[in-house]
Amino acid sequence: MDIDWSKLGFSYITTKSHIEFEYTDGKWNDGKIIEGNPFVSMSIAASALHYGQATFEGLKAYRCADNKIRVFRDIENARRLNASAKYACMPEFPEEKFIDAVTKIVKDNIEYVPPYSANGSLYIRPVMFGSGPVIGIAPAEAYKFIILVIPAGPYYKSGFIGVDAMIFDDYDRAAPNGSGRYKLAGNYAASMTAGKLAKEKGCPVVLYLDPKEHKYFDEFSSSNFFAITKDGTYITPLSNSILPSITNKSLIQVAADIGMKVEKRPVEFSEIDTFAEVGACGTAVVITPVNKIHRCDKVYTFTSDASNGFLVKLYKELTDLQYGRTKDKYGWMRLIE
Ligand code: PLP
Ligand code: COI
C-alpha cells in the first residue's frame, strides 16, 4: 500500500477487500469478505446488465480528531437503498445487516481510512444489482449486494474554490414521475452525455431544471442544489424528481440551528438574481460552491465569500461534526469499534 494522502482525489483504487452478499431462493446469505477486489460474477443475461436493475449508495467513514473512526448517518443510506430497491423491484436488504456490513468492511480496510491530518475519508459504496438471468423485462430472481471502499479526497479538483455549472434546455436526467428520487444506476447513465458536453465547455457539473417545465431548479448530476439568498435564507428545492440528499437534510438542520431561515419549496429559475451564494451538497462533493451558472448565452455569477460567507460557515459546522471537532449533538456519527 503506497498512498500519498496529500494527493487524494475521488477515483477507484483496489483496496484490501470488499464484502459480497447473494440473494437466492428468496433470502440473503451471510455474505463474505473477498480479498483483492476481483471481478464480480453474474449471468450473461443479468437484469442489471440488460435492464439496469441496480441501485447504489455513497457514505463516508472519517478518522476523527480523537483518532477513532466514525461513519456518518449510515442508517439513512440503508433506508434510501431499500427505497430505491423497492422501486426497481429488488429485495430489501435488512437495515441491521447493512450497518453490520459497513462495520465489517471499514474494519477490514482500516489502513485505507485517511489519517485525520489528510482531511479525507473512506468513501463507502454499497451496490445492489440483479445478477440472475432475465430476457423478458422482469425483475431477476437472484441479486448481489456488495460494498466496496476507497480512500477519498475532494470530488472536484478545485475543492472549496468552487465550480461552474451548466444548464441544458435539451437534456434532463429524470422524468417528472420517474426515477429521479431514487438512486438508480440508470439515472447516472442518463446524465453522461450532458456531463460530457458540459465538461467540454469548462463546466464540471450539470444543473438540471425540473423535467416538466424547466421552470424550477432540480439538482446537480452528483448532488443537491441549495442557495443562500441575499437576505441570508437557505433555500433548496422541493421536487419529486430529485434525490433526497442526506447531506442536504443535515445542512437544513444545521442551518436552522445556527439561526438561518430555511425554505424547502419549489424554487423558480427566475429567482436566480436573489441568490448571493449557490452550493452543491452531497456525500462526495460535501459542499462545493458554484461560482457561475451558464444557461444558453447567459452567465449568472455568485460570490461565496471564502472567509465569511454562509457556505463556508455551513461547511465548517458540518465537517467539524464529521471529524469529531465538535460534539455530535444529533447522534449522526456511529463509532466503528
Ligand atoms: N443528488 C444526486 C443525484 C446524487 O448522486 C447525490 C449523491 O449521493 C446527492 C444528490 C447527494 O446525496 P447525499 O447527500 O445523500 O450523498
Ligand atoms: C455520492 O455523493 O455518494 C454520490 O453517489 C455521488 C456521485 C459520486 C455519483
Worksheet item: Any idea how many residues of the range 251-268 are outside any helix (DSSP H, G or I) and not β-branched (Val, Ile, Thr)?
Response: 8
Worksheet item: Quick check, is SER43 modelled with pLDDT of 95 or more, assigned to a loop (DSSP other than H, G, I, E, B) and hydroxyl-bearing (Ser, Thr, Tyr)?
Response: yes
Item to complete: Please tell me if VAL278 is within 16 Å of ligand 1 (Cβ to nearest atom), within 25 Å of VAL206 (Cβ to Cβ) and not in a helix (DSSP H, G or I).
Response: yes
Worksheet item: Within the group ARG73, ARG63, which residue is in the same structural domain as GLY120 (by TED's automatic domain parsing), within 16 Å of ligand 2 (Cβ to nearest atom), under 26 Å from SER223 (Cβ atoms) and basic (Lys, Arg)?
Response: ARG73
Discussion item. I'd like the full set of residues that are within 12 Å of ligand 1 (Cβ to nearest atom) and without any contact (Cβ under 8 Å) to a residue 60 or more places away in the chain, limited to the range 251-275.
Written reply: ILE252
Worksheet, complete the sentence: The number of residues in the range 306-337 that are surrounded by fewer than 16 Cβ atoms within 10 Å (Cβ to Cβ), closer than 21 Å to ASN119 by Cα and touching a Leu at 6+ places or on another chain (Cβ under 9 Å) is 2
Practice prompt. Quick one: count up the residues across the range 223-238 that are of a type outside the set (A, V, I, L, M, F, W, C) and either touching a Cys at 6+ places or on another chain (Cβ under 7 Å) or buried (at least 22 other Cβ atoms within 10 Å of the Cβ) (or both).
Written response: 5
Fill in: Lone qualifier among ALA54, ALA101, ALA88 - being in the same structural domain as PRO133 (by TED's automatic domain parsing), within 20 Å of PHE129 (Cβ to Cβ), within 16 Å of ligand 2 (Cβ to nearest atom) and under 24 Å from the mean Cα position of the chain (by Cα)
ALA54
Worksheet item: In the list ILE272, ILE258, ILE242, ILE246, which residue meets the criterion of being β-branched (Val, Ile, Thr), crowded, with 20+ Cβ neighbours inside 10 Å and out of contact with any Ser or Thr (no Cβ under 9 Å at 6 or more places or on another chain)?
Response: ILE242
Practice prompt. Taking the residues in the range 254-292 that are over 21 Å from the mean Cα position of the chain (by Cα) and among the β-branched types (Val, Ile, Thr) as candidates, determine which candidate is farthest from ligand 2 (Cβ to nearest atom).
Written response: THR274
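The values are calculated or read from the model by the stated rules, or taken from the named source; none is laboratory data. As the structure is a computational prediction, the values presented were derived from the model and not from experiment. Every residue, glycine among them, receives a Cβ derived from its backbone with ideal geometry; neighbour counts consider all protein chains shown.
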